[in-house]
1. Any idea what diffusion coefficient the range 141-255 gets from Stokes-Einstein, in µm²/s, Kirkwood Rh on alpha carbon pairs, 4 °C, 1.567 mPa s?
2. Show that you can apply the helix-only estimate: for the chain, add -39,500 (n - 2.57) for every DSSP H stretch of four or more residues, divide by all residues, and state [θ] at 222 nm to the nearest 500.
3. For helix 48-58, report the angle its Cα long axis makes with the longest principal axis of the Cα atoms of the chain; keep it between 0 and 90° and round to the nearest 10°.
4. Which percentage, to the nearest 5, of the DSSP beta bridges contained in the chain is antiparallel?
5. With +1 on each Lys and Arg Cβ and -1 on each Asp and Glu Cβ, and nothing else charged, work out how big the dipole of the chain is about its Cα centre, in Debye to the nearest 20.
6. Hey, what did the range 141-255 get for relative contact order, percent, Cα under 8 Å, at least 6 apart?
7. Relative contact order, percent, of the chain when contacts are C-alpha pairs under 8 Å separated by at least 6 residues?
8. Across the chain, where is the longest run that never hits GluC sites (Glu not before Pro) in a DSSP loop with at most 16 other C-beta atoms within 10 Å?
Amino acid sequence: MANTENNSFIKLQESANGRVSVKLQKNHFSKDGTENFFGKVERVTFSAQNILDAMASEIPLVDLGTVTSVLNCYTNTVLKVLSNGNAVKFGELGLFYIAGKGAVENDKTKPNLTVKFSPSQTLRDAVQNVEISSVSLNKFEGEITKIQDITTGNTDGTLTLKGSVLLEGTGLKVGGENSGIYFAPLNEDKNVLTEAEWIKVETTLVFNQPSKLLFSIPESVINGSYKIVIRTHIFGRSNYARKELLEVISDVVTVA
């Protein structure tokens, strides 16, 4: 299959403008303290089968089985190239690349690695004509009312390095896709760093209830100031899963 500068393996086709719905959520990380909101698009996901069917309709002379085989082969090849430490250009869409994740304790420690995607201008332009059909305010307000260090019993926001922490409040239960508990580091001005620096709690939660969470502080969390960020789809005590991802933010905690 040809892959030249003027004929990449993916040739984008003009498509009809779509519509999306947006939920507004309060920005808890506003740097100047002013109240503002950010929008979260309610996601509608094409499955792999949806994509295969769409591709097959674009090239009717090629059967669906062949399209599936080519897509699977390309996926496996991209994974192999990335696992060998290379970045991968994804046709006209953008670039997959390997990046460091989180902070390290000293200049001798190796950082964790993750994969990121840098969209091309072509991809950015493709969404500019998408229409926002509705905008509404996400009225969910979870709250953390108590942060207790299990090692010392203190509730003053000071946490023991590599210890455990108990959170109490409302709307805390974690569940659903892309949910989790994160330690978001702060800079000297007490502003939260970018999400690439956040550290996720990966261990099993001892308590995972709407009013109570108990978990171990991740090994990669170092001394410093953080906010604990909870992301979940669970709403209330009924375990009802909301479509949008909800967020609860703690006050500043100090890990020492």
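1. Rounded, D is 92 µm²/s.
2. Details: 3 runs with 37 residues, N = 256.
Rounded to the nearest 500, it is -4500 deg cm²/dmol.
3. Helix 48-58 sits at roughly 20 degrees to that axis.
4. In the chain, DSSP labels about 85 percent of beta bridges as antiparallel.
5. Numbers: 26 positive and 28 negative charges, 84 e Å.
In debye, rounded to 20, the chain gives about 400.
6. Reported as a whole number, the value is 31 percent.
7. Values: 471 pairs, mean separation 41.9, N = 256.
It comes to 16 percent, rounded to a whole number.
8. 43-91
None of the figures in this text is laboratory data; all of them are computed from the coordinates on show. Since this is a predicted model, take the numbers as computed values, not measurements. So basically every Cβ, Gly included, is an ideal-geometry build from the backbone, and we count neighbours across all protein chains shown.
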